[in-house]
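The values are calculated or read from the model by the stated rules, or taken from the named source; none is laboratory data. Remember, predicted model here, so these are calculated numbers, not experimental data. Positions of Cβ are generated from backbone atoms using ideal geometry, with glycine treated the same way; all protein chains shown enter the neighbour counts.
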Amino acid sequence: MTDKTYNWGIIGAGRISRKFVDGLKATRNGRAYAVAARDLAKAQEFAREKNMPVAYGSYEELAADPQVDAVYIGTVNTMHAPNTLLMLAHKKPVLCEKPFAMNRVEVDEMIAAAQRNKMFLMEAFWTNFLPSMNAVRQLIADGAIGDITYIRADLGFFRAYDPHIRTFNPEVGGSSVLDIGLYPIFLAVTLLGHPDHITAQAVTMPDGVDVTSSMFFKWRNGAVAQLFSSYCIQLDCEGVIYGSKGKITMHGRWHAPTRISITTDGHTYDCPVASVGNGYNYEAQEVMDCLDKGLLESPLLPLSESAKFMSLLEAVMRQF
Ligand SMILES: NC(=O)c1ccc[n+]([C@@H]2O[C@H](COP(=O)([O-])OP(=O)(O)OC[C@H]3O[C@@H](n4cnc5c(N)ncnc54)[C@H](OP(=O)(O)O)[C@@H]3O)[C@@H](O)[C@H]2O)c1
């Protein structure tokens, strides 16, 4: 590892960008340097609040700043692809929020641009990098619950319906699956690989935006997963992995840093997990560690996986 400090540029002065900047404080070598918003006053307010030295009133200005070492894209879903392409064209390494883009065509375009420009690119799927997720993978690899037979995972929050807010607004890619349903899907895929058969149903609004979704995945070896997400129901937000010898519970909200317990032979005990920061620090650290090593993608979340995952999301949503 080098001792280089990375100056991060933040695209979009919204909700998740704030959390990402807070997360940077818990990294070894990340510095929140510049923020860009479509409106300069908004960027300046963000920079003041987060004690950042530079604010820009356009994304292009941030892309052109030679002091920016890595860019985090925290804009609405429909802007992920165009914002990523802009940054890659300016030779900036990119960490782009999930969903990586709106569809596989966009994801392929982003990957091609990263390869063409020889620039690092990664999907900001923070759960993948959390110590709690790694602990679960390790427990399963160690045979703690035997072979996985069933995964039950949900994520859901009650939100008053308002077609103007991001999550319900089709113009900016509103969709419960693209926003939160992808987490239960990720849990199933990261532990069992891509399913051999899927069925899915959704409650959709008249404009087509899915607000509640239920998915059933099946694997050739007999393993199954029941996955659920909703904007209309306050759920337990629990992930439970059942195996031939016991079960692992990722307690609510399982997709964030969380408590893990394991049940075998009728006994339940906690599995201690050491975690620092708000969780967003781990994905940021992975980017900087990869850049230190001169990598163009993360071995922990290869671009081919993000592309395949996008195809799976599309396959699920086609069934709605
Ligand atoms: N990893 C996680 O835990 C997590 C959690 C929540 C959300 N997310 C993801 O993060 C992204 C942003 O979510 P958020 O809740 O932070 O959203 P947000 O605050 O509503 O919006 C983020 C930014 O998107 C831009 N934007 C808003 N409306 C726009 C429009 N109509 N056209 C073009 N740009 C627009 C704005 O950029 P300007 O500031 O430049 O105006 C805004 O600051 C989403 O893709 C979401 O899936 C991830």
*asked:* What's the number of the only condition in (1) among the small types (Gly, Ala, Ser); (2) away from the ligand (no atom under 15 Å from the Cβ); (3) free of Cβ contacts under 8 Å to residues at least 24 places away in the same chain that residue 57 fails to meet?
replied: (2)
*Residue check for residue 287: within 16 Å of the ligand (Cβ to nearest atom), modelled with pLDDT of 95 or more and either under 30 Å from residue 5 (Cβ atoms) or touching a Phe, Trp or Tyr at 6+ places or on another chain (Cβ under 7 Å) (or both)*: yes
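If I filter the range 54-92 down to residues being assigned to a helix (DSSP H, G or I) and polar (S, T, N, Q), which single residue comes out as surrounded by the most Cβ atoms within 10 Å (Cβ to Cβ)?
The initial filter retains those residues of the range 54-92 that are assigned to a helix (DSSP H, G or I), namely 59-63, 77-89.
Now restrict to residues that are polar (S, T, N, Q): 77-78, 83-84.
Values: 77: 21, 78: 18, 83: 24, 84: 31.
The residue in question is 84.
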_Residue, farthest from the chain's Cα centre (by Cα), within the range 256-296, restricted to residues that are of a type in the set (Val, Ile, Thr) and in a loop (DSSP other than H, G, I, E, B)_ = 273
*May I ask you to list the residues in the range 125-149 that are farther than 15 Å from residue 259 by Cα and in contact (Cβ under 8 Å) with a residue 24 or more places away in the chain?*
125, 126, 128, 129, 140, 143, 144, 145, 146, 147, 148, 149
*Taking residue 181 as the residue in question, decide whether it is under 18 Å from residue 77 (Cβ atoms), part of a loop (DSSP other than H, G, I, E, B) and within 16 Å of the ligand (Cβ to nearest atom).*
no
*asked:* Is it the case, given these coordinates, that residue 173 is at positive phi, within 16 Å of the ligand (Cβ to nearest atom) and assigned by TED's automatic domain parsing to the domain that holds residue 255?
replied: yes
*asked:* Please count how many residues of the range 97-127 are surrounded by fewer than 21 Cβ atoms within 10 Å (Cβ to Cβ), within 16 Å of the ligand (Cβ to nearest atom) and assigned to a helix (DSSP H, G or I).
replied: 1
*Filtered residues of the range 1-36 (kept if farther than 18 Å from residue 69 by Cα and crowded, with 22+ Cβ neighbours inside 10 Å)*: 13
*Give me the pairs: first residue in the range 253-265 and not assigned by TED's automatic domain parsing to the domain that holds residue 144, second residue assigned to a loop (DSSP other than H, G, I, E, B) and within 16 Å of the ligand (Cβ to nearest atom), beta-carbon distance under 8 Å, and six or more apart or on different chains, which are they?*
none
_Quick test of your reading of the structure: residue 160 fulfils all but one of (1) buried (at least 19 other Cβ atoms within 10 Å of the Cβ); (2) within 16 Å of the ligand (Cβ to nearest atom). Name the failing condition by number._
(1)
*Being within 13 Å of the ligand (Cβ to nearest atom), within 24 Å of residue 295 (Cα to Cα) and in contact (Cβ under 8 Å) with a residue 40 or more places away in the chain is the filter here, so list the residues in the range 1-39 that pass it.*
9, 10, 11, 20, 23
